[in-house]
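Read the figures in this text as sums done on the coordinates, not as results from a lab. Being a predicted model, the structure only gives us computed values, none of them experimental. All Cβ positions, glycine included, derive from the backbone under ideal geometry; neighbour counts span all protein chains shown.
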Amino acid sequence: MDLSVNSRDNIEYMIERIKDKLQIVNAGALNAKSFDTEQYEELRDIYEMIQKKQSFSVSELDAIVSELGRLRK
């Protein structure tokens, strides 16, 4: 998958991987359709940061979820 391309499919892919990696219980709260392509670069930055880390502290999880909430339309 070429994540350098701003596309709906890529947004859906990244959101699904983020939910899996963070083990988000309420997966419905993080819906790919809630993200606009205008925030693609910021979403990709978050995705790449999450993929590099093995584990997250509670404060890191809170900050990530807050930032994703800010990006939603």
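In which sequence would PHE56, PHE35 go, from the one with the fewest C-beta neighbours within 10 Å to the one with the most?
The fewest-first ordering by Cβ neighbours comes to PHE56, PHE35.
Calculate how steeply helix 58-71 sits against the longest principal axis of the alpha-carbon atoms of the chain, using the helix alpha-carbon long axis, and give the answer as 0 to 90 degrees to the nearest 10.
Approximately 30 degrees, to the nearest ten.
Add +1 for every Lys or Arg and -1 for every Asp or Glu among the other residues with Cβ under 9 Å from the Cβ of ILE50, and state the total.
In short, +3.
Size of the dipole of the chain about the Cα centre, Lys and Arg at +1 and Asp and Glu at -1 on the beta carbon, nothing else charged, in debye to 20?
In total the dipole reaches around 200 debye.
Relative to the first principal axis of the alpha-carbon coordinates of the chain, what is the inclination of helix 40-52, with its axis defined by its Cα atoms, in degrees from 0 to 90 and to the nearest 10?
Once rounded, one gets 40 degrees.
Please give the helix 8-22 orientation as an angle from the longest Cα principal axis of the chain, in degrees from 0 to 90, rounded to the nearest 10.
Its long axis makes an angle of about 10 degrees.
For the chain, just run the numbers: alpha carbon Rg, then divide by 2.2 N^0.38 Å, N being how many residues it has.
Here the answer is 1.01, to two decimals.
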